[in-house]
Amino acid sequence: MSDVRRIALVGLPGSGKSTIAPLVANGLGWSAVDIDGEIASSYGRSPAAIIAADGERHFRDLELTELENALRRPGPLVIACGGGLVSQPAARRLLGELCTVVWLDAPDQVLIDRVGDGVERPMLGGSAAAGIPRLRGSRKRAHQESHLRVSTVGAPDAVAARVVAALGGAVRVDLVERTYHVEVRAGALDDVVLHVPAGATRVALLADRAVSSISDRIVASLRSSGIGTTVLEVAGGESLKTWTTAGRMLARLGTAGLQRNDCVIALGGGTVGDLAGFVAATYLRGIAWLNVPTTLLAMVDSAIGGKTGVNLSRGKNLAGAIWQPRAVICDPDVLATQDDRSFRSAFAEIVKYSMIVDTTLATQLDSQLERLLRRETDALTGTVRECCAIKARIVSGDEREAGGRAVLNYGHTIGHALEAAAGFGDQLLHGEAVAVGMRAAGLLSIRRLGCPEGDIGWQDEMIARCGLPTTLVFDPERVLGHMRADKKTVGDRLGWVLLEARGRPRTGQHVPEDEVLGALDAVLAR
């Protein structure tokens, strides 16, 4: 995981790469470099002159060299790529791995009008009218691999401002096969269309009907961009995550005519994201999806990491797939209308992060809790972004849950069992269950690993200050029975996440059942 520190602008001739790059750099306080300009400066000839004298292949070698030189520069950087740079597999690989790639695009006629007769652009073959459509076709696949697509119809300053807004402060999730971004800012909802795959002609918006006004905004934006949109309304909540519902949604994607290049958008809380991601993972053996969380819990937790799925009668999330979203778009402004109980339940995950990693979140909670509970946008933006950065860093190091990602399960061993015992309904929210699960895990951490009591005391006090439950009414033996069905069980042994101290978790801890029952007795009222 990292912040965005390299932005590469790609696009056809006339798209404005050289103009937009310094404007974006200025907006971010970064440096800018123009690959064609660097070549001309280094070799004393324009790209057109080099191609005319030495051939296109020689020029492409120079382009790749200059890109490598640019990527070695220290500090954050905006790169204006030559139009044909993305046609080189080696360059495309470097851009995808090391940069956030933004495709600057405009209709063919706009580009033709900008470049004029195209005589000075050898790749147009002497005719912009013929060359632009030809290049669009040949570079289509390369451009569609970009992380964002931004229209350059309009004033350059406005285009640059849109790029700055979308990527300034965004979090990168760096995985082995691909990278995606988490955008956290007020107003991000209005730019969801930037993240839709460039080749998509149709989108299925799987939306919680409780946020229909937000859904209407996104639909209007998609359709005004020429993207056909089908809305699939659902009622959020754990009861949504069933095989029956997943099958019904898959059938509706087929009826809507979605193809491999199309996209699903999840709009709602964590359960909507879990279901939409699972449907996207299984439809046509996997199509792209965007996660647009509308609850605080989804923003700080489930929206990132690609864990999708449905519940089975035996337990929570026992059927699913790891299918990473194309992007996650978090707009803290939408939290203003979230009901207070579910809003506060999300703080269990925020407190969890402050316990399992070395982070500033504990300080933020101590100093800004009242502002956060009042839902002040700037406070929420900073806290959500920090949680996203933590989750992204953990996921980036362990996408497939080989080991390190297990730290995220602190408090969830008992939490999931409590949810199962409650029937996965609204009687007990996820965060409420995790809060009690963390209290039990904290007790076991003190008893088994010698975790300082002051660390767990801070955790328990913060849980109470957030308005989360400290005890629940359940039979410990019944909860223990659900724990035995936990998907983290290997053989007949359940691996716990416990703490040596705040910020020092240990995974795979085996705890005798009598000690587990003792911890359950301490946090459950019969």
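The values are calculated or read from the model by the stated rules, or taken from the named source; none is laboratory data. These numbers come from a predicted model, not from an experiment. Cβ sites come from the backbone with ideal geometry, for glycine too, and all protein chains shown count toward neighbours.
In table form, for the structure just shown:
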item	result
Test: residue in the stretch 247-258 that is at positive phi and in contact with a strand residue (DSSP E or B) (Cβ under 7 Å, 6 or more places away or on another chain)	yes
The listed residue being in contact with a Gly (Cβ under 9 Å, 6 or more places away or on another chain), of a type in the set (D, E, K, R) and closer than 30 Å to T360 by Cβ, out of R465, R504, R447	R447
Qualifying residue in the stretch 275-283 (condition: surrounded by fewer than 24 Cβ atoms within 10 Å (Cβ to Cβ), in contact with a Ser or Thr (Cβ under 9 Å, 6 or more places away or on another chain), more than 26 Å from E376 (Cβ to Cβ) and of a type in the set (G, A, S))	yes
Residue count, the stretch 322-364 (criterion: assigned to a helix (DSSP H, G or I) and among the hydrophobic types (A, V, I, L, M, F, W, C))	12
Any chance A266 is in a loop (DSSP other than H, G, I, E, B) and either among the aromatic types (F, W, Y) or over 27 Å from R136 (Cβ atoms) (or both)	no
Restricting the stretch 317-346 to residues that are more than 21 Å from C387 (Cβ to Cβ) and touching a Lys or Arg at 6+ places or on another chain (Cβ under 8 Å), the residue that is surrounded by the most Cβ atoms within 10 Å (Cβ to Cβ)	G320
Pairs with Cβ under 6 Å, 6+ apart, first in the stretch 137-150 and on the phi < 0 side of the Ramachandran plot, second assigned to a loop (DSSP other than H, G, I, E, B) and at pLDDT below 95	Q144/A198; Q144/G199; R149/A198
Positions within the stretch 71-84 being crowded, with 22+ Cβ neighbours inside 10 Å and modelled with pLDDT of 95 or more, in sequence order	V78, I79, A80, C81
Matching residues, the stretch 37-49, being surrounded by 19 or more Cβ atoms within 10 Å (Cβ to Cβ) and either at pLDDT 95 or above or closer than 17 Å to R72 by Cβ (or both)	E38, I39
Cβ-Cβ under 7 Å pairs, at least 6 apart or on other chains, the stretch 468-479 side farther than 11 Å from A522 by Cα, far side surrounded by fewer than 19 Cβ atoms within 10 Å (Cβ to Cβ)	V473/A525; D475/R526
